[in-house]
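The next block holds one structure in the form of structure tokens; read it before the comments.
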């Protein structure tokens, strides 16, 4: 019996190989109109290759590759295959060149060590309303003790509770403590430093007092005025709709989600409704459709206008201006930009009497977004928004004839049933298309997202979003409450759906971290399934299956050490994690470790004595962890090193190891943590141990600090003489810089 499965797998492999070898060239040649759809895929491949490199390539490599592709096209211009190969190769190198140019264009000073507490001055460019207070982003900052050429372009400060009224454009003075943007919590975890680099955010910190306005905002800056209007709108909306419904209404109108309570975000995320909170394709399309319908119907009621002018085209123009204003006002991110671009093309096609809902529309939108913001390809917003749209259009292409036939000749009840089936299919396809990216970025799968979306999406489209448009019209007149109150009724119903579905048993399944190669295989297989239309498309099932199977290859580290050495975790006998007591500033690190391991909770080490599973024993000088035939010594004091260096397989020390230490295969001491950040250690079954640091997992790239220096304050306040303490390890404030919920 043991050979039967192997024989079956060999037969399947041979069948796939035969299909790929014999049918693939003919099938690809039979669909020449689909070849161009692979250009943005090739562009994205080049971007992904550039960002995955361990070291920065020479600046001439990618342009030389583009030139080589042009040469190949010239030489092989009589061969269709050569031209296609040259175009794809050129797109790959172009993607790498654009990503490298964007990386160096975004370069800006980054704070090297802790600064303050001291008073800084700067101009407020953005205000973010959060449940726990406000955060402001400053530019044109002046940091005493820091040279102008080393001062970050932008600084983000979390304010203490204060009654000071601020507006974007105000120049302020504030006492604060600043830190460099925090490094990833573990090798392969979310990289806030990467995101901060492209936002030119060079420091984050916390205010130690109330800000003082030195000079009010000056008139004339369009973007500052828009930011100010956005903040004022959030406040007006939340005043008109108190409670959780007001925070969601503000998010749907302005795009600002920071004020939404964490428990409400959790319900929406666990029920699969988090995408409704982010302004994207759903919202842009609904606004365009509502404005188009109202303008066209309104024009039709005026006979002279309806008979003499193309009211359908007039409605399309009004709808375009409406979504343009909505996009600019609502903090445009990648999903919003993509949706505005695609919806704009559809509306333009109406004006010129063309049909525009095609896969080429998505391809060109992706191509433009990648050219402008190549770094966005690595984020969940880009991946989930484009993944959902590509899957939906591919499904529509495959099902449109059947849907048309199903609607033909049916009465109202029959057409309603077909519409419900189409809505169900749409929700199912979108959920399946975005699930791999949710697994990769958030380590969670929502089991009942389809049910929640079937209730909430029609409610959003038919009730909530029309009131958003009406609220925009009423805002200048100060009577927006006329629209916001009925809008809140729909939001309350949506919150009820999210809370109810999130409370169902098994609503969320936590999964361990997916390797990057697994996501790449899933993406490539999904694109293959969606782009081709013949039987050859089913070859994409193999990489999709391989990507899903990558979850089975995850083996979490046996030991994790935070970069500040204040938090250590070890693997228990039950497969869970046991944490040291930790301390202030490690909540985000702890949550990240648990999420990447697919766990909800963990136990805490005993202060002294032996753990319940017998793997961990602690005393005042340190702890000893034994697993898989290894001994891991965790030294808290220098006097523990004498014994630890004689028998431990792995030595982790919160002090510097300055003595010969022959026994351990891996030594991670204070100096290594300062230099390389957090570490993960895997204990092999055959006596070997491997360690990976945050720095080694990221490589030598521009957004990776050259060295993590001890965070000696740059600016000190006068004090009485005292004995100099040892330099502190990098400790940043708790942040909420996890990936967005959708």
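Once divided by 2.2 N^0.38 Å, the Cα radius of gyration of the chain becomes 1.05.
Dimensions of region 533-597 from C-alpha coordinates, computed as largest minus smallest value along each principal axis and given longest first, are 58, 26, 14 Å.
Two numbers describe the Cα atoms of region 559-698: Rg and Dmax, which are 13.9, 40 Å.
Across the alpha-carbon atoms of region 591-635, the computed radius of gyration and Dmax are 12.1, 32 angstrom. Treating the angle as unsigned and between 0 and 90°, give the value, to the nearest 10°, between the Cα long axis of helix 516-531 and the longest Cα principal axis of the chain. Once rounded, one gets 10 degrees. Ordering of 376-385, 541-550 by packing is 376-385, 541-550, highest average first (other Cβ atoms within 10 Å, averaged per residue). Helical content of the chain, expressed as a calculated mean residue ellipticity at 222 nm, amounts to -15500 deg cm²/dmol (DSSP H runs of 4 or more residues, -39,500 (n - 2.57) each, divided by residue number, nearest 500).
Take each peptide in 520-527, 478-485, count the other Cβ atoms within 10 Å of every residue, and average; sorted highest first, the result is 520-527, 478-485. Full extension of the segment from residue 313 to residue 604, taken as 0.36 nm per residue of separation minus the current Cα-Cα distance, would add 98.2 nm. How many angstrom separate the Cα center of region 394-438 from the Cα center of region 175-228? Region 394-438 and region 175-228 have Cα centres spaced 44 Å from each other. Overall form of region 462-596: oblate. Here a/c, set by the Cα gyration tensor axes a ≥ b ≥ c, is 1.5 or more, and a/b is not larger than b/c. Taking the longest Cα principal axis of the chain as reference, the axis of helix 334-351 is set at about 10 degrees.
With the simple spin-label model, which puts each label point 7 Å out from Cα in the Cβ direction, the residue 637 to residue 621 separation comes to 0.8 nm. Which percent of Cα-Cα pairs in region 104-160 sits in each 10 Å bin, short to long? So the P(r) values, bin by bin, are 21, 51, 25, 3. Ordering 60-67, 510-517, 230-237 by mean Cβ neighbour count within 10 Å, with the highest value first, yields 230-237, 510-517, 60-67.
What is region 621-691 by shape, rounded, prolate or oblate, if you read a ≥ b ≥ c off the alpha carbon gyration tensor as root eigenvalues and call it rounded for a/c under 1.5, prolate for a/b larger than b/c, and oblate otherwise? The partial results should precede the final answer.
On the way: a/c = 1.76, a/b = 1.23, b/c = 1.43.
Oblate, because a/c is 1.5 or more while a/b does not exceed b/c.
Put simply, the convex hull of the Cα atoms in region 134-195 casts, on average, a shadow of 5.7 nm². Using C-alpha pairs below 8 Å separated by at least 6 residues, the relative contact order for region 33-105 is 50 percent.
Work out, step by step, the length gained on full extension between residue 218 and residue 150: first 0.36 nm times the residue separation, then minus their alpha carbon distance; give nm to one decimal. Write out the running numbers ahead of the final one.
Details: separation 68, 0.36 × 68 = 24.48 nm, distance 2.63 nm.
Working it through step by step, the gained length comes to 21.8 nm.
By the gyration tensor of its Cα atoms, with a ≥ b ≥ c the square roots of the eigenvalues, what is the shape of region 312-464: rounded for a/c under 1.5, prolate for a/b over b/c, or oblate? Working shown, then result.
Values: a/c = 1.65, a/b = 1.11, b/c = 1.49.
Oblate, because a/c is 1.5 or more while a/b does not exceed b/c.
What is the angle, in °, between the Cα long axis of helix 380-407 and the longest principal axis of the Cα atoms in the chain? Nearest 10 is fine, range 0 to 90. Once rounded, the angle reads 30 degrees.
Apply the Debye scattering formula to region 115-218, with a single equal point scatterer on each alpha-carbon and no solvent, then give log10 I(q)/I(0) at q = 0.10, 0.23, 0.24 Å⁻¹. After summing over all Cα pairs, the log10 values are -0.27, -1.30, -1.38.
By how many nm would the segment from residue 79 to residue 142 grow when fully extended, if each residue of separation counts as 0.36 nm and the alpha-carbon distance is taken off?
Working: separation 63, 0.36 × 63 = 22.68 nm, distance 6.03 nm.
Extending this stretch completely gives an extra 16.6 nm.
Its Cα gyration tensor gives region 33-105 an equivalent ellipsoid, and the semi-axes of that ellipsoid, as √(5λ) in whole Å with the largest first, are 23, 14, 8.
Throughout, read-outs are computed from the coordinates displayed, never taken from laboratory work. What you are looking at is a predicted structure, and each value in this text was computed from that prediction instead of being measured. Note: ideal-geometry Cβ built from the backbone for every residue, glycine included; neighbour counts use all protein chains shown.
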